[in-house]
Amino acid sequence: MTQQTNETGWNLDNSYAHLPQSFFTSITPNEVRLPKLIFLNEPLAKTLGLNIEALQSEESVKVLAGNEVPKGSLPIAQAYAGHQFGHFNMLGDGRALLIGEQMTPTGERFDLQLKGSGPTPYSRRGDGRAALGPMLREYIISEAMHALGIPTTRSLAVVETGEPVLRETELPGAIMTRVAASHLRVGTFQYAANWTNIDELKELADYAIERHYPEMEDGENRYFSFLREVIKRQAALIAKWQLVGFIHGVMNTDNMTISGETIDYGPCAFMDTYDPATVFSSIDQQGRYAYGNQPYMAGWNLARFAESLLPLLHEEQEKAIELAQEAIGEFNNLYHIHWFAGMRAKLGLFNEEKQDEELIENLLSMMQKHKADYTNTFRGLTLNQLEDADLFRSDEFIQWHKLWQERLTRQDDSKADSQQWMQNSNPAIIPRNHRVEEAIEAAVENGDYSVMENLLNILSNPYAHSQEQTDFNTVPVESNQPYRTFCGT
């Protein structure tokens, strides 16, 4: 395995590799037969300080496929644990490797991880590879989330490997380059708390604080402050998910980041018909991670994070538990503040009145009763296009609409201001499940990437409310079989 020269603009650091050896394993990447670049995120590449032309060269494609490593790279697989559907397991990067941390021209630091790069010591008898379809799904959804203004990992590139992967059937293989503020997870701290010692747990916490919360003041208890800051970011993140109808699908503790980014787009999807019980994941048989449960599961995950920090919160366990409970107790209120503010924005409400929450809840209740499309309902309210849905023709909605219009008059801002705020808060378009499947099928089955390219272009400006987005607002044809997504592992 050779190191590539630096024409591409690699500017790699390896700060994670300075942590104790217990947190990672150094590995040699596994080569693939015929790597072929099929998607390159040029705007992201520019942000990272990479040379777009050089990235498309044969030598750089070898790096994106794991056949070579860039200059300055120390490839590692990270160790972590996690509660998967409530069951605690030792995990780790079973099909991914961190090639390094790219330092951007503005001084920011981003992990570059190859996903689907082959087996590691954490593979648990898996082949460490990824199929093309799930990698394309992650590329589409993560870029859509970024355009929606939701903190997320992103996709720099997707490379076909020229090798099949065997799942239920033989599928084309692929490797995706994932870009993240870091890959530190709740599960990383659970691993530290269960399989290392207090000194190494402290070193990990200090590293996370320096990397993600450098502005945090060194107070009397910096680890208590650290816990509270992570809770704040996650409360804001989950509220953003709920406001656009995003369903993660696998909210295991290893899929919750310390940075507050959305990570791991496996069986994720966006809700069409509004229903808090909506589940898309084929493996979520009990609805643990249903849309309406996501705030509660986030709180549960953060409680596990707090448990892992107990030895650092206070030397007396009883006092440590008291501090952890105090911090976790803030989550529900913080989440509600973010969600409520977001819902008021979706309805063009600048100020706050006591009855606003009832107004919002009544609308959601009507949407559920009439099986209204979540995104299109708010789009219709934004554009005052209230003709197409059964909901809009109902007597109860007509009465609700009258109350809403009266409410809009009780603020200093004009209706034009309200409408503009609604346009900025209600996406005209989301990555509809049937559109995503259409794009993936065209690529995987027919080698046609134009459908995905068009979809990505349409999704890149979701608040434009442009005419060309209209066709992509169409809901899928109703089916007797519920839509299901799969992890793709």
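The values are calculated or read from the model by the stated rules, or taken from the named source; none is laboratory data. Since the model is a prediction, treat every value here as computed from it, not as a measurement. Don't worry about glycine lacking a Cβ; one is built from the backbone with ideal geometry, like all the others, and counts go over all protein chains shown. Side chains included, ligands, DNA and RNA excluded: accessible areas come from the protein's heavy atoms. Shrake-Rupley method; radii C 1.70, N 1.55, O 1.52, S 1.80 Å.
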Requested in this report: Report the relative contact order of the chain, percent, no decimals, based on alpha-carbon pairs under 8 angstrom and at least 6 residues apart.
Outcome: 14
Requested in this report: For the chain, give the percent of accessible area contributed by carbon and sulfur heavy atoms, probe 1.4 Å, rounded to a whole number.
Outcome: 47
**Report entry** Charge dipole of the chain about the Cα centre (unit charges at C-beta), most positive-ward option of Pro267, Ala208, Ile231
**Finding:** Pro267
Report summary line: Quick shape check on the range 19-173: root eigenvalues a ≥ b ≥ c of the Cα gyration tensor, a/c under 1.5 is rounded, otherwise prolate if a/b tops b/c, else oblate, and it reads rounded
Query raised in the report: Tell me, what ³J(HN,Hα) does each residue in the range 251-268 have, in order and in whole Hz, if you take phi through Karplus 6.51 cos²θ - 1.76 cosθ + 1.60 with θ = phi - 60° and put x for Gly and Pro?
Result: 7, 6, 5, 7, 10, 10, 8, 6, 6, x, 9, 6, 9, 6, 8, x, x, 7
Query raised in the report: What is the spin-label model distance, in nm, from Val477 to Glu108 if the labels are put 7 Å beyond Cα along the C-beta direction?
Result: 4.3
**Report entry** From phi via Karplus (6.51, -1.76, 1.60), per-residue ³J(HN,Hα) for the range 280-288 in Hz, x at Gly/Pro
**Finding:** 10, 5, 5, 9, 8, 5, 9, x, 4
Query raised in the report: Where the centre of each part is set by its Cα atoms, how far does the range 305-353 sit from the range 378-403, in angstrom?
Result: 34
Requested in this report: Show that you can apply the helix-only estimate: for the chain, add -39,500 (n - 2.57) for every DSSP H stretch of four or more residues, divide by all residues, and state [θ] at 222 nm to the nearest 500.
Outcome: -13500 deg cm²/dmol
Query raised in the report: Which entries of Lys202/Lys319; Lys240/Lys371; Lys346/Lys415; Lys202/Lys240 show an alpha-carbon separation above 25 angstrom in the structure shown?
Result: Lys202/Lys240
Query - Extension gain, Glu163 back to Gln419 (0.36 nm per residue minus Cα-Cα distance, nm) - result: 87.1 nm
Query raised in the report: Over the range 91-237, what is the relative contact order in whole percent, taking alpha-carbon pairs under 8 Å and six or more residues apart?
Result: 18
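Which value, in debye to the nearest 20, gives the size of the charge dipole of the range 293-352 about its Cα centre, when Lys and Arg are +1 and Asp and Glu are -1 at the Cβ?
Numbers: 4 positive and 8 negative charges, 106 e Å.
Value, rounded to 20: 500 debye.
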Query raised in the report: How many angstrom lie between the C-alpha centres of the range 199-250 and the range 122-152?
Result: 22
Query raised in the report: Helix 331-346 sits at what angle to the longest principal axis of the chain, using alpha carbons and giving 0 to 90 degrees rounded to 10?
Result: 60
Requested in this report: Show the residues, 5+ positions off or on another chain, whose built amide H is closer than 5 Å to the amide H of Thr273.
Outcome: Tyr374
Query raised in the report: Under a 5 Å amide H to amide H cut-off, with H placed in plane at 1.01 Å, what residues pair with Gln84 once short-range neighbours are removed?
Result: Asn89
Query - Reachable lysines, given that their alpha-carbon falls under 29 Å from the alpha-carbon of Lys36 and they are not under 8 places away in the same chain - result: Lys46, Lys62, Lys71, Lys115
Report summary line: Per principal axis, largest first, the Cα atoms of the range 1-102 extend in Å by 45, 28, 28
Query raised in the report: If you take the charge dipole of the chain about its Cα centre, with +1 on Lys and Arg Cβ and -1 on Asp and Glu Cβ, which of Pro476, Pro164, Gly133 is farthest toward its positive end?
Result: Pro164
**Report entry** Probe 1.4 Å, protein heavy atoms only - accessible area per residue of the chain in square angstrom
**Finding:** 43
Report task. Would you work out the charge dipole size for the range 362-489 about its Cα centre, treating the Cβ of every Lys and Arg as +1 and the Cβ of every Asp and Glu as -1, and quote it to the nearest 20 debye? Result -> 520
**Report entry** Under the Debye formula (equal points on every Cα, no solvent term), log10 I(q)/I(0) of the range 341-471 at q = 0.15, 0.22 Å⁻¹
**Finding:** -0.77, -1.31
**Report entry** Furthest towards positive pole of dipole, Trp404, Leu349, Gly380, structure part the range 324-405, Cβ charges
**Finding:** Gly380
Query raised in the report: Can you give the charge dipole size of the range 132-182 about its Cα centre, rounded to the nearest 20 debye, using +1 on the beta carbon of Lys and Arg and -1 on the beta carbon of Asp and Glu?
Result: 240
**Report entry** Cα long-axis angle, helix 186-195 against the chain (0 to 90 degrees, to the nearest 10)
**Finding:** 40
Report summary line: Rounded to the nearest 10 degrees, the helix 356-369 long axis (Cα) sits at an angle to the longest Cα principal axis of the chain of 80
Query raised in the report: Can you list the HN-Hα couplings for the range 384-389, worked out from phi with the Karplus curve (6.51, -1.76, 1.60; θ = phi - 60°), rounded to whole Hz and with x for Gly and Pro?
Result: 6, 10, 10, 9, 8, 9
Query raised in the report: Computed over the Cα atoms of the chain, what is the ratio Rg over Rh, Rh following Kirkwood?
Result: 0.97
Query raised in the report: For the range 59-175, what's the relative contact order in percent, using C-alpha pairs closer than 8 Å and at least 6 residues apart?
Result: 21
Query raised in the report: At a Förster distance of 45 Å, what's the computed FRET efficiency of Asn51 paired with His434, Cβ-Cβ distance as r, to 0.05?
Result: 0.75
